[in-house]
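The values are calculated or read from the model by the stated rules, or taken from the named source; none is laboratory data. Every value quoted in this text rests on a predicted model; they were computed, and no experiment measured them. Here the Cβ positions follow ideal geometry from the backbone for every residue, glycine too, while neighbour counts run over all protein chains shown.
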Amino acid sequence: MANLGYIQVTRLCNQKCRICSNPEREATLSIGDAKGMVDDFVARGYDGIILTGGEPTMVPYLPDLIAYAKAKGIHARLITNGQRLADLGLMREYAASGLDHLHVSLLSPDPAVQDFLTCTEGSLGRGLKTLENAGIAGVNVDVNTPINHYNAAHLEALVRMVVQRFPFVAHFVWNNLDPSMNRASQNPDVIHHLWEFEVPLFRAMRFLDSTGRSFRAEKVPLCYMAEFAWASTETRKIVKGEERIVRFLDEKGMVRETLFQHGKADACRICRFDPICAGLFDMDVHYASRELFPVFLDPEPIRQRILDE
């Protein structure tokens, strides 16, 4: 098992993304409270923590917090929009504090689409510069991509661009858009149908698999990634019996996830993947259950691959 905890260190941000799942608000942890949360995850025997936001690099004490976690023997990584770490000096400061792994959010290889979704001019260029700086500073970097209506068709093109320009990037993560309780509910045009990403996601996964790179997808039902079901974040946690704790800076507070189950449709009842599939998040609210379909493949090789890894 590999239990990872999430800490929102701030809800401040330097972008106004139309798809943001944790919109900006005046909330930032003190360094003392943040260290206390690190201590809590250490006491729980967690394998690592992920520092997130908002945009966590807006918190001045973040390098100190990363160094503190390292001294406590727990690995800390970072999810960032890549705007501030386009500064090589700042990237080197983070690396010197002990940061050796970060996730950079990229939405599209088309600068106009990225700017539109982030409401920030030039955001793609700075995000790509952050990838370059990570390579220079010796920091492992993953690419995170939230799937939405405007980038669903671009998933393969984005990974191919990143691999071509930054061959050291070896891991990619897709998150199916969470339309509830965030800016997507205020911008319903960003919400997609599942069919919009099915073929581009398959092609992106097939390409990455052929190059020996790893990848994960979250909130994507297994009927939309059947050939690569072992790469589902929820499926891996279901099979391995893992948990996840997220400490939010809003009314949700501390959320401990152990079940990893979303909505299930009638089609799921006859699907052989049903026991290892989380189903459809926000089913029949923003995503339609009629888009789900049964899979009749044997789930046992999926279980075994996950456990063998």
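Residue by residue, here is whether (1) under 27 Å from Leu131 (Cβ atoms); (2) touching a Leu at 6+ places or on another chain (Cβ under 6 Å) holds:
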{"position": "Arg183", "(1), (2)": "yes, no"}
{"position": "Trp195", "(1), (2)": "no, no"}
{"position": "Ala204", "(1), (2)": "yes, yes"}
{"position": "Phe207", "(1), (2)": "yes, no"}
{"position": "Phe215", "(1), (2)": "yes, yes"}
{"position": "Glu243", "(1), (2)": "no, no"}
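Taken together, the residues in region 257-309 that are of a type in the set (D, E, K, R), closer than 20 Å to Glu196 by Cβ and touching a Phe, Trp or Tyr at 6+ places or on another chain (Cβ under 8 Å) amount to 1. Of all the residues in region 188-199, those that are at pLDDT 95 or above, assigned to a helix (DSSP H, G or I) and surrounded by fewer than 15 Cβ atoms within 10 Å (Cβ to Cβ) number 3. Restricting attention to region 19-41 and to residues that are of a type in the set (Asp, Glu) and outside any helix (DSSP H, G or I), the residue that is surrounded by the fewest Cβ atoms within 10 Å (Cβ to Cβ) turns out to be Glu26. Taken over region 42-60, the residue count meeting the criterion of being free of Cβ contacts under 8 Å to residues at least 60 places away in the same chain and surrounded by fewer than 17 Cβ atoms within 10 Å (Cβ to Cβ) is 6. For region 79-92, filtering for residues that are hydrophobic (A, V, I, L, M, F, W, C) and surrounded by 23 or more Cβ atoms within 10 Å (Cβ to Cβ) leaves 2. Comparison of Asn14, Asn81 shows that the only residue that is under 22 Å from Lys129 (Cβ atoms) and in contact with a strand residue (DSSP E or B) (Cβ under 6 Å, 6 or more places away or on another chain) is Asn81. A single entry from Lys35, Lys70, Lys16 fulfils the requirement of being in contact (Cβ under 8 Å) with a residue 12 or more places away in the chain and touching a Cys at 6+ places or on another chain (Cβ under 7 Å): Lys16. Just to be sure, is Gly263 out of contact with any Cys (no Cβ under 7 Å at 6 or more places or on another chain), without any contact (Cβ under 8 Å) to a residue 40 or more places away in the chain and surrounded by fewer than 20 Cβ atoms within 10 Å (Cβ to Cβ)? Yes: the conditions hold for Gly263.
Residues that are assigned to a helix (DSSP H, G or I) and free of Cβ contacts under 8 Å to residues at least 60 places away in the same chain do occur in region 209-222, at least one of them.
The set of residues in region 127-173 being farther than 28 Å from Pro63 by Cα and either modelled with pLDDT under 95 or among the small types (Gly, Ala, Ser) (or both) consists of Ala152, Ala153, Ala157.
Just one of the listed residues (Ala86, Ala76) is of a type in the set (Gly, Ala, Ser), more than 21 Å from Ser210 (Cβ to Cβ) and out of contact with any Lys or Arg (no Cβ under 6 Å at 6 or more places or on another chain), namely Ala76. Within region 285-309, can you find the residues that are assigned to a loop (DSSP other than H, G, I, E, B) and either modelled with pLDDT of 95 or more or surrounded by 14 or more Cβ atoms within 10 Å (Cβ to Cβ) (or both)? Hits for region 285-309 are His286, Ala288, Leu292, Phe293, Pro294, Val295, Phe296, Leu297, Asp298, Pro299. Taken together, the residues in region 200-223 that are over 18 Å from Asn144 (Cβ atoms) and surrounded by 14 or more Cβ atoms within 10 Å (Cβ to Cβ) amount to 6. Within region 263-270, can one find any residue that is in contact with a Leu (Cβ under 8 Å, 6 or more places away or on another chain), within 27 Å of Pro188 (Cα to Cα), among the acidic types (Asp, Glu) and in a helix (DSSP H, G or I)? No, region 263-270 contains no residue that is in contact with a Leu (Cβ under 8 Å, 6 or more places away or on another chain), within 27 Å of Pro188 (Cα to Cα), among the acidic types (Asp, Glu) and in a helix (DSSP H, G or I).
Residues considered: Val220, Val246, Val239. Of these, the only one that is under 21 Å from Cys17 (Cβ atoms), among the β-branched types (Val, Ile, Thr) and at pLDDT 95 or above is Val220.
Test Asp274 against the criterion of being closer than 25 Å to Pro179 by Cα, acidic (Asp, Glu) and at pLDDT below 95, and give yes or no.
Judged against the criteria, Asp274 is not a match.
Counting just the residues of region 232-246 that are assigned to a helix (DSSP H, G or I) and touching a helix residue (DSSP H, G or I) at 6+ places or on another chain (Cβ under 7 Å), which one comes out surrounded by the most Cβ atoms within 10 Å (Cβ to Cβ)? For region 232-246, the residue satisfying everything is Thr235.
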